[in-house]
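Trainee: Quick one: structure below, then a few questions.
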Amino acid sequence: MNLSVQAPSWHRSHPIAAQLIGVLGVGSVVGLLMYLVRGKHFWVGMLYAQSISLCIAYSIGVLQFGVSRLLLRKDPDNPKLQHHWPGWSWMMGCVLIGSVVGHELGTLLAAGLLGHQPRGLFNGDLRQLVLGGGFTLLVALIATYYFYSREKLHAMELERTEVQRQAAEAQLLALQTQIEPHMLFNTLAHLRVLIKLRPDDAQAMLDDLIAYLRATLQASRVPLHPLATEFERIQDYLRLMQRRMGDRLRVQLDLPDALATTPVPPLILQPLVENAIKHGLEPSKTGGQLRVSARMQSGLLELRVEDDGVGLGAPSKGGTQFGTQQVRERLRTQYGDRASFRLDPAPPPASGCLAILELPL
């Protein structure tokens, strides 16, 4: 389900750039420390520091990822392994092996760039071993802390996003289960009259009402369904309305085949169709035509509910704006500012109302 939640932070949106900046920062700090200890060859030392830092960090990262993937096969539900953190016991092995491998690779890289004879960690005297080992250990510890902090922050962001998603889902479900009682009450009142006057018509209308309520209940339990299913629910509802209004209600449904499988929120059109009938067509002595259509417009799915009834300027009896408020709230909860809804006067020469929904694909 597509819900409106807080966007991820920059370092999650650009992980490679964030890692590179972090590692270069570590290399700069270590290179400066090495210059303060040796007191000469600043740029040469900085190049060695950056090369070795990069190789150590990514050697540890590759080992960390590989170990996590292997352990994940045995424990696929472990959230830490899913975030590529194998735990400190395994991580220490990754640090030791990755530090030595990264130091040797970084030394080879820097020496090759400068034209020097490469000197590995274990090819020098005791002083070289102590300085090189201390440098390597410092880089490894900083890199390990960086990776650990990054994954821990990632886990916290995922947890916060999940909480936001669950809250949005709960709000959306509450909105979906709010049903305008106007249609149900009016239909039952009409049934009461038909039972005495035309029992056969009353039985047929009751069957339609049961089928409609069953389908509506099932639709309210899913976050999205195909647009074709949404049009089927509208047909069920309009079948009931046509039993009430007879020839005064004329219906036109226009759904292109290419859009039939497009996912939409369930029952998102029903409040608009109810409003069109209640406030536009029922008050008109002659009734009118209701047209529901779908089309692609500027990369968005455009859903239109149009009637040629009494129009927006006509006095409204008992209007609560419940339907339009529900539609706006559901769109805001599910799509944020990527969806829109508006009510306009119907294009001339019609005198009714036009409701337009624009949804992202």
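The values are calculated or read from the model by the stated rules, or taken from the named source; none is laboratory data. In this text the structure is predicted, and so the values were computed from the model without any measurement. Don't worry about glycine lacking a Cβ; one is built from the backbone with ideal geometry, like all the others, and counts go over all protein chains shown. Note: accessible area is taken over every heavy atom of the protein model, side chains too, but ligands, DNA and RNA are not part of it. Shrake-Rupley method; radii C 1.70, N 1.55, O 1.52, S 1.80 Å.
Trainee: Could you list all residues from region 45-91 that are of a type in the set (Ser, Thr, Tyr) and either within 26 Å of the chain's Cα centre (by Cα) or surrounded by fewer than 22 Cβ atoms within 10 Å (Cβ to Cβ) (or both)?
Mentor: Selection gives Tyr58, Ser89.
Trainee: Out of all the residues in region 92-107, which are surrounded by fewer than 16 Cβ atoms within 10 Å (Cβ to Cβ) and aliphatic (A, V, I, L, M)?
Mentor: Met92, Leu96, Ile97
Trainee: Here is a follow-up. Look at Gly311 and say whether it is of a type in the set (Gly, Ala, Ser) and modelled with pLDDT of 85 or more.
Mentor: Answer is no for this residue.
Trainee: Yes or no: His154 modelled with pLDDT under 70, of a type outside the set (A, V, I, L, M, F, W, C) and either closer than 19 Å to His41 by Cα or open to solvent by 20 Å² or more (accessible area, probe 1.4 Å) (or both)?
Mentor: Judged against the criteria, His154 is a match.
Trainee: In region 298-308, which residues are surrounded by fewer than 19 Cβ atoms within 10 Å (Cβ to Cβ) and modelled with pLDDT under 90?
Mentor: Answer for region 298-308, where residues must be surrounded by fewer than 19 Cβ atoms within 10 Å (Cβ to Cβ) and modelled with pLDDT under 90: Ser298, Gly299.
Trainee: When you check Arg295 against the structure, is it modelled with pLDDT of 90 or more and open to solvent by 70 Å² or more (accessible area, probe 1.4 Å), yes or no?
Mentor: yes
Trainee: Where the second residue is modelled with pLDDT under 75 and charged (D, E, K, R) and the first is farther than 22 Å from Arg214 by Cα and open to solvent by less than 60 Å² (accessible area, probe 1.4 Å) and lies in region 181-199, which pairs have Cβ atoms under 7 Å and are six or more apart or on separate chains?
Mentor: Cβ pairs passing all conditions: none.
Trainee: Tell me which residues, restricted to region 213-241, are of a type in the set (S, T, N, Q) and modelled with pLDDT under 85.
Mentor: Thr216, Gln218, Ser220, listed by residue number.
Trainee: How many residues does region 60-81 contain that are closer than 22 Å to Gly25 by Cβ and either touching a Lys or Arg at 6+ places or on another chain (Cβ under 6 Å) or modelled with pLDDT of 85 or more (or both)?
Mentor: The number of residues fulfilling the criteria is 3.
Trainee: Just to be sure, is Gly323 at pLDDT 85 or above, of a type outside the set (Ser, Thr, Tyr), part of a helix (DSSP H, G or I) and under 37 Å from the mean Cα position of the chain (by Cα)?
Mentor: The answer is no for Gly323.
Trainee: Right, another one. Tally the residues that are closer than 29 Å to Pro265 by Cβ, hydrophobic (A, V, I, L, M, F, W, C) and at pLDDT 70 or above, restricting the search to region 175-212.
Mentor: So the count comes out to 8.
Trainee: If we scan region 239-259, do we find a residue that is in a helix (DSSP H, G or I), of a type outside the set (S, T, N, Q), under 23 Å from Val310 (Cβ atoms) and open to solvent by less than 10 Å² (accessible area, probe 1.4 Å)?
Mentor: Yes, because at least one residue in region 239-259 is in a helix (DSSP H, G or I), of a type outside the set (S, T, N, Q), under 23 Å from Val310 (Cβ atoms) and open to solvent by less than 10 Å² (accessible area, probe 1.4 Å).
Trainee: Moving on to the next point. Give the residue that is nearest to the chain's Cα centre (by Cα), with candidates limited to residues of region 260-302 that are β-branched (Val, Ile, Thr) and assigned to a strand (DSSP E or B).
Mentor: Val264
Trainee: Tell me, which helices (runs of 4 or more DSSP H) wholly within region 36-116 include 1 or more residues that are aromatic (Phe, Trp, Tyr)?
Mentor: Hits in region 36-116: 42-74, 88-114.
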